[in-house]
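The values are calculated or read from the model by the stated rules, or taken from the named source; none is laboratory data. From a predicted model like this one, the values you see are computed outputs, not experimental measurements. All Cβ positions, even for glycine, are placed from backbone atoms using ideal geometry, and neighbour counts span all protein chains on display. These area figures cover heavy atoms from the full protein model, side chains too; ligands, DNA and RNA do not enter into them. Shrake-Rupley method; radii C 1.70, N 1.55, O 1.52, S 1.80 Å.
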Amino acid sequence: MLTLPASFDEIARELTVEAAHQAGLRRVVLIEEPQAAFYSWIDRHRQRWSEIVRPGQVVLVCDVGGGTTDFTLIHARPDAADGTRVAFHRIAVGDHLILGGDNLDLALAKHLEAKLGSTPLSARAWDVLLRRCRAVKEEMLGETGPDSLGIHLPGSGAKLLGGGLLVEVTRDEAERVLLDGFFPLVSPSERPVEGASGFREFGLPYAADPRVTTYLGEFLRRAARGQEAIPAEPTTGMIRPDWLLFNGGVFDSPRIRRRIVEQLELWFGKGPAESRSVASDSGNDGSAAWSLGQLAHDRLDLAVARGAAYYGMVRRGHGVRIAAGLARAYYVGLAGSPPRAVCLVPAGTEPGPEVELEREFRLRVGTPIELPIYVSATRTNDSVGAVIDVDPQQLRSLVPIRTVLKVRSGAGVDDVVPARLHARLTEIGTLELGCRQTGDDRSWRLQFDVRSAVRTDLEAHEGSGETFGFLDESVWASVQAVLQGTFGPDGTDDPEALMRRLADAIGEAKEQWSPSTLRRLWQSAFELQDGRRRSAKHEARWLNLVGYALRPGFGMALDDWRVAETWKLLQGKLIHGAAATKTESWILWRRIAGGLPAGQQQALAGPLLTQLRQFHRQSTTGRGQAASVDFGSHEAAEIWRLLGSLERLPVPQKVELGRWLIDLRDRKKVQATRGGIVWSLGRLGGRVPLYGLLNHVVPRDEAARWLDALIAESPRETGDLLTVMQLARRCDDRYRDLDDDHRTRALEWLRSGGADDGLLRLVADGGRLASEQQAQLLGDSLPLGLSLE
């Protein structure tokens, strides 16, 4: 039994199941954590729960843990058999909010850091402060917290023993920052503030508004709009809960629990004092006068685990089940303007039965397709097939379904077939989607593009790239003729002049080709792949075109598919062994490295690192077997750049590679390729990755050692300046930024080498890369309309 936030959408659930499989858990069942907490309460009261919660009443589960905030409403509907017992139905879940105890700790630590002065704490001192703030939070928000507490922070360097800091926090401060900052009493009309959170400590998209109470009010309002069984409370427009169940470590604090109770009573009125209790299952006897009852746990830290175990018994036919179909409705976008969508899977869908959309779609087989998918937590009354306007206030866009509908041999690649979409909620809690050809037995499984769901370029396919220009079909016919003349079965044109001929046909220099034109060139080149067999020159030019047309490997819809197809065709499968062909293959992989997952990057790097290890050993010690790769050749320069571009390599591997490059950069054997070595160092040790995740960044102490080695000698090339900028670039992250001394020395060195103001600004103040700098770091200009940041 795997517990997860109720707010997880289908993409997050699918990723959770995939993570379980990678961990060796082959048979899993998902259960939402607020449901598990309620199951735990039922289990504790198995003899009398029906005497406590009455038919028609609503239970609010308020779950604030270390990282997330989750709200769930459970309705006790009268059992159809006799009307005296109840059947529990989960009727609403909240949005996914990364807002919890971690945020409270961060806020208190930021407040205390500001008290110490304007200079940010070192990473070591900050870690100590953050840990202490967790303990301070628990002490200060207890029933009998101290009036003040002192926090001792360590010094650094020579002042490690005598240079520590002391900061005091008072009870009033803690209440103002934590209780009033995260759980203020707000009016029923208050809405959460939209925007971006100021917190970036862990690279997480924290909720923009820290006020948990505003999100609670918004949840109760939306829940009232999304169903008809329970009328909204007239003065607030919210569903009024009868019972409150706390879950999550934040509610270990009795003062935070009381604040939530006060907030609900402020909205809905206050019942008799004797009917409310924080510690016991009491409060709402079903009388006409409303009062908020509370359902108690004896251990908040064990409630979810106990409830998940009880749910395992329920699945075997023992105990009380909560009816919890799909929490949201899912829609497929329709072509046309204004944008509309059709309901594919209604909210409340139960596991097991398949639902099919009667509307017929026309889908092209053999080529990529993309189906826009929307989800709504508020439109819970729409039925299958309902056509609605796409209202951003009610529908949220998920990453689309992207796929290629494979066809059996003999079917036309560009055939358009009529098909219907169908869906099923699985027993483990994930959504299966598919399409079935009308009047035929052909069917295809459809999957969310879950990899894009955790990629930094997720929104790129919604940006300006796709709309930056499309070629007129008459122009495209000329382009096709050029490609056929080079790679077609009857082609006789010289491949080396291909790019010039394409520029003439398109009427633009290649740097001006739009992303849509580039991806269409990639498609055409793939269809003419047999043309690369004609000669080594043909293969080298074909590889060059494919890499240029697909760069940087992401940013356009279906780039994942294009990169995967390129990998399947080319990895380890060059036809000609000429040096120019090999060199172009390294350039291709470097150009699309951002679209390669970690495993494929490792497959590229592994054999090269083995050769480089031998070369490093022989170059530095004179011992060992000679490497089979000539690391002083033009091909080697591209190998250096490729290795530096693989940002998803494990950090220990990057550190080892960077140390080798530092040792080798001034060796006589590699002077012809020194520029590639130094360029690679900048990419390996850069403080701000171009496409990788923050956990792929080399530790700052290691980057500082590389910087020391580089600035110990005078600048020799323009590339040296660029690499030093990447190593010393300011990002305002205490875990990645170099110390002030290293940044100051880097700035002095850059000025002595004639660095322009743009490079100096990135080291001194941080900020965004200019387009020219992006091109230098990538080794290529970006296609028009695409941006790294």
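Couple of notes before you dig in:
- Qualifying position, being touching a helix residue (DSSP H, G or I) at 6+ places or on another chain (Cβ under 6 Å), closer than 17 Å to Leu518 by Cα and either open to solvent by 40 Å² or more (accessible area, probe 1.4 Å) or modelled with pLDDT under 90 (or both), among Phe554, Phe631: Phe554
- Residue list for segment 59-80, filter: surrounded by fewer than 21 Cβ atoms within 10 Å (Cβ to Cβ) and within 22 Å of Thr378 (Cβ to Cβ): Arg77
- When segment 584-619 is limited to residues that are modelled with pLDDT of 95 or more and among the β-branched types (Val, Ile, Thr), the one that is surrounded by the most Cβ atoms within 10 Å (Cβ to Cβ) turns out to be Ile592.
- Per the listing Ser619, Ser628, the residue uniquely out of contact with any His (no Cβ under 9 Å at 6 or more places or on another chain), under 25 Å from Arg665 (Cβ atoms) and either in contact (Cβ under 8 Å) with a residue 60 or more places away in the chain or assigned to a loop (DSSP other than H, G, I, E, B) (or both) is Ser628.
- Residue that is most open to solvent (accessible area, probe 1.4 Å) [pool: residues in segment 179-221 that are modelled with pLDDT under 85 and closer than 18 Å to Ser7 by Cβ]: Glu194
- Sole residue being open to solvent by less than 30 Å² (accessible area, probe 1.4 Å) and not hydrophobic (A, V, I, L, M, F, W, C), chosen from Arg667, Arg659, Arg674: Arg674
- Of the residues making up segment 744-757, not one is without any contact (Cβ under 8 Å) to a residue 24 or more places away in the chain, more than 18 Å from Asp732 (Cβ to Cβ) and open to solvent by less than 30 Å² (accessible area, probe 1.4 Å).
- All conditions but one from (1) open to solvent by less than 20 Å² (accessible area, probe 1.4 Å); (2) among the β-branched types (Val, Ile, Thr); (3) without any contact (Cβ under 8 Å) to a residue 40 or more places away in the chain apply to Thr16; the one that does not is (1).
- Among residues of segment 321-351, those that are in a loop (DSSP other than H, G, I, E, B) and open to solvent by 30 Å² or more (accessible area, probe 1.4 Å), counted: 9
- Residue in segment 34-44 that is open to solvent by 40 Å² or more (accessible area, probe 1.4 Å) and assigned to a helix (DSSP H, G or I) present: yes
- First in segment 685-710 and under 23 Å from Leu786 (Cα atoms), second anywhere and surrounded by fewer than 18 Cβ atoms within 10 Å (Cβ to Cβ) and among the small types (Gly, Ala, Ser), Cβ under 7 Å, 6 or more apart: Leu694/Gly203
- Scanning segment 776-789 for residues that are open to solvent by 50 Å² or more (accessible area, probe 1.4 Å) and under 15 Å from Thr723 (Cβ atoms) turns up just one, Gln776.
- Filtered residues of segment 498-548 (kept if of a type in the set (A, V, I, L, M), assigned to a helix (DSSP H, G or I) and more than 19 Å from Ala579 (Cα to Cα)): Leu498, Met499, Leu502, Ala503, Ala505, Ile506, Leu518, Leu521, Ala525
- Residue count for segment 319-349, restricted to those that are modelled with pLDDT of 80 or more, under 26 Å from the mean Cα position of the chain (by Cα) and farther than 15 Å from Ala386 by Cα: 0
- Here Leu684 fulfils each of the conditions (1) assigned to a helix (DSSP H, G or I); (2) within 27 Å of the chain's Cα centre (by Cα); (3) modelled with pLDDT under 95 apart from (3).
- Residues that are surrounded by fewer than 20 Cβ atoms within 10 Å (Cβ to Cβ) and either of a type in the set (Ser, Thr, Tyr) or not in a loop (DSSP other than H, G, I, E, B) (or both), drawn from segment 223-244: Arg225, Glu233, Thr235, Thr236
- Every residue from segment 269-305 that is closer than 21 Å to Gln35 by Cβ, at pLDDT 85 or above and polar (S, T, N, Q): Gln294
- Only residues that are open to solvent by 20 Å² or more (accessible area, probe 1.4 Å) and in contact with a Lys or Arg (Cβ under 6 Å, 6 or more places away or on another chain) were counted across segment 479-498, and they come to 1.
- Near pairs, Cβ below 6 angstrom, 6+ apart or cross-chain, from segment 725-741 (within 14 Å of Gly686 (Cβ to Cβ) and open to solvent by 20 Å² or more (accessible area, probe 1.4 Å)) to any residue that is of a type in the set (Val, Ile, Thr) and assigned to a loop (DSSP other than H, G, I, E, B): Cys731/Val688; Arg736/Val697
- Given (1) more than 25 Å from Glu33 (Cβ to Cβ); (2) among the charged types (D, E, K, R); (3) assigned to a strand (DSSP E or B), number of the condition Arg124 does not satisfy: (3)
- Under the condition of being in a helix (DSSP H, G or I) and either on the phi > 0 side of the Ramachandran plot or not small (Gly, Ala, Ser) (or both), the residues counted in segment 718-750 number 19.
- Only listed residue being surrounded by 15 or more Cβ atoms within 10 Å (Cβ to Cβ), at pLDDT 85 or above and under 30 Å from Pro699 (Cβ atoms), chosen from Lys115, Lys110: Lys110
- Applying the criterion of being open to solvent by 70 Å² or more (accessible area, probe 1.4 Å) and in contact with a helix residue (DSSP H, G or I) (Cβ under 9 Å, 6 or more places away or on another chain) to the residues of segment 758-775, the residue that is farthest from Gly692 (Cα to Cα) is Glu772.
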